[in-house]
1. Measure off 7 Å from each Cα along the Cα-to-Cβ vector at Tyr54 and Arg16, then give the distance between these two points in nanometres to one decimal.
2. What number, in percent, do you get for the relative contact order of the stretch 1-106 if the mean sequence gap of Cα pairs under 8 Å and at least 6 apart is divided by its residue count?
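Computed from the coordinates by the stated procedures, all read-outs in this text should not be read as laboratory data. All values derive from a computational prediction rather than experimental measurement. Because the Cβ atoms are built from the backbone with ideal geometry, glycine has one as well, and the counts that use them run over all protein chains shown.
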Amino acid sequence: MIRSFLYLKKIPGKGRGVFTSEAIRPGTLLEESPVIVMQPSDRANIDKTLLHDYIFEWGQRNSEPMRCCMALGWAPMYNHSYKSNCEYYMDFDEELIQIKAIREIGKDEELTINYNGDWNDEKKVWFEVK
């Protein structure tokens, strides 16, 4: 499920991003995306490709190597921000990622998530933030 008021737009220097054509209230569920969960051996191969920038880490059980997943909706299109206006939630049992607004978002504003997992995590990410 992807809300009908969301749209993709190219951003110079960043690629594509997700935007809204109407104002959004905090707590609004914006997207619920099924995922394909992959094993650590799959991830080793994916990390050698462009898809590396579009996967999500997917849980960790004890000391096992990290699995990953590919979301099948627009979840991979949300750009990173240290001051994100959305947060993603992983449902490991149902194999879903949900994107929810965490603050008021204005019409035509870009929707962003923090790639570190928590909306307010300021740990440096692996790429240059523009």
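1. Result: 0.7 nm between the two label points.
2. Relative contact order comes out at 35 percent.
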